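Remarks on the structure that follows.
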Amino acid sequence: MREGPAAEGLGLARLCALAALLAVTFAPFLALQPNRIVSGEGFTLAGLPASGLGLTLAAVLAACAVVAAFAPHAAVRAPAGAAGALTALLGAGLAATALLPAGPSLARVSLGSGFWLSIGAFGLILADALARLRSGPLVRIGFAFAAVGTVLAVLAAGVWDDLSIMREYAANRDSFWQNGARHLVLVGGSLLPALLLGIPLGYLCHRHAAARSAVLAVLSIIQTVPSIAMFGLMMAPLAALAAAYPALGAAGIRGIGLAPALVALFLYALLPVVANTVAGFAAVPPAVTEAARGMGMGPLRRLALVEWPLAFPIIVTGVRVVLVQSIGLAAVAALIGAGGFGTFVFRGMGQTAMDLVLLGAVPIVILAFLAAVVLDAVADRARARPA
């Protein structure tokens, strides 16, 4: 008998479950370090000094993996994946508290490869099961925000307070939120102009083949420039402008900082926006356009009522690419003084403090994850909308 749609994908679930079992059994779940920069000793769950806690966590994670591996229906694999991820999340904080020596100490407890592999494996099991269940766009958005909300609730409850990454957060609390706001400014301040220019430019390229060839060729060349080089190329002309016109410098347009980062991110965003706008309008069936023309619709009405709604899902796909790309590239902008979460990444690399690196990297991953899920759902909703 053939499996139904919800039972498909059992092979992936079993592969992820096997990875989770190997991680729980053999990989270090936590590492005890003498201080924030020196490598420490790794501990598997079974090898934790508080063996009762470690063995209990290992047993629960193994049970979740076994259920996910053999459950024939995605409706069972989804809660198994969620339970495994939540157990790893809570267990890391509880085990860190048990692992730290009593009394004042410089010792730190960092997350090990076993934790990251477990979270990744159970997360994939959950994501695949939700996809097999054909969950709608709003359900996927709800699950994504619920997952992030669960993580924030665990952090707010203090379960992770003894982990090194949270000690780095405590030492950089004010700077963390300031740089978080700056990261959003970098992403939003480059994305909005790219949309305002890129979508009309893409429509122009769709209508005129000569313009399409020239514009896409130039934007493709810009896209090939490495990000660090692009940020560097923006510094010299903006510094010259600030020197020639002091009013621009007073307004914040300088060779370093926010201005060159915004210009570079804007240039990187143009190609996906323009290319997907061209592809979106090209995908509109000519018969539909002809029918609208036959009904007496003028060019603007055809664009607003026929072509734009049909092209919109593909355009949103391009916006998703741009948004996720910008969230990641904005981290590099910290190298030229623009701020953002990349500040912690590069500062941590300079100090060989990996948990400080994670303090900047993890929020970037969460932002990119939420952006991808939300815009994918918007695109799916637009495709499903009746014409």
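The values are calculated or read from the model by the stated rules, or taken from the named source; none is laboratory data. From a predicted model like this one, the values you see are computed outputs, not experimental measurements. Cβ atoms come from the backbone with ideal geometry, glycine included; neighbour counts cover every protein chain shown. Note: accessible area is taken over every heavy atom of the protein model, side chains too, but ligands, DNA and RNA are not part of it. Shrake-Rupley method; radii C 1.70, N 1.55, O 1.52, S 1.80 Å.
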Test V322 against the stated conditions and say whether it is over 25 Å from R383 (Cβ atoms), within 18 Å of the chain's Cα centre (by Cα), assigned by the TED database to the domain that holds G232 and crowded, with 17+ Cβ neighbours inside 10 Å.
no
Got a sec? Which of A211, A194 is closer than 17 Å to N276 by Cβ, surrounded by 12 or more Cβ atoms within 10 Å (Cβ to Cβ) and touching a Phe, Trp or Tyr at 6+ places or on another chain (Cβ under 6 Å)?
A194
R134, sole failed condition from (1) buried (at least 16 other Cβ atoms within 10 Å of the Cβ); (2) more than 17 Å from the chain's Cα centre (by Cα); (3) not assigned by the TED database to the domain that holds L359:
(1)
Out of A334, A304, A330, A311, sole residue that is out of contact with any Lys or Arg (no Cβ under 8 Å at 6 or more places or on another chain), small (G, A, S) and either surrounded by fewer than 21 Cβ atoms within 10 Å (Cβ to Cβ) or outside the structural domain of V374 (by the TED database) (or both):
A304
(1) out of contact with any Ser or Thr (no Cβ under 8 Å at 6 or more places or on another chain); (2) of a type in the set (G, A, S); (3) touching a residue at least 12 places away in the same chain (Cβ under 8 Å); (4) surrounded by 12 or more Cβ atoms within 10 Å (Cβ to Cβ): which one isn't true of A243, the others all being true?
(3)
Can you name the residue in segment 344-381 that is without any contact (Cβ under 8 Å) to a residue 40 or more places away in the chain and either under 17 Å from R140 (Cβ atoms) or out of contact with any helix residue (DSSP H, G or I) (no Cβ under 8 Å at 6 or more places or on another chain) (or both) and is also least open to solvent (accessible area, probe 1.4 Å) among such residues?
G350
Test for A264: is it within 25 Å of A214 (Cα to Cα) and touching a residue at least 40 places away in the same chain (Cβ under 8 Å)
yes
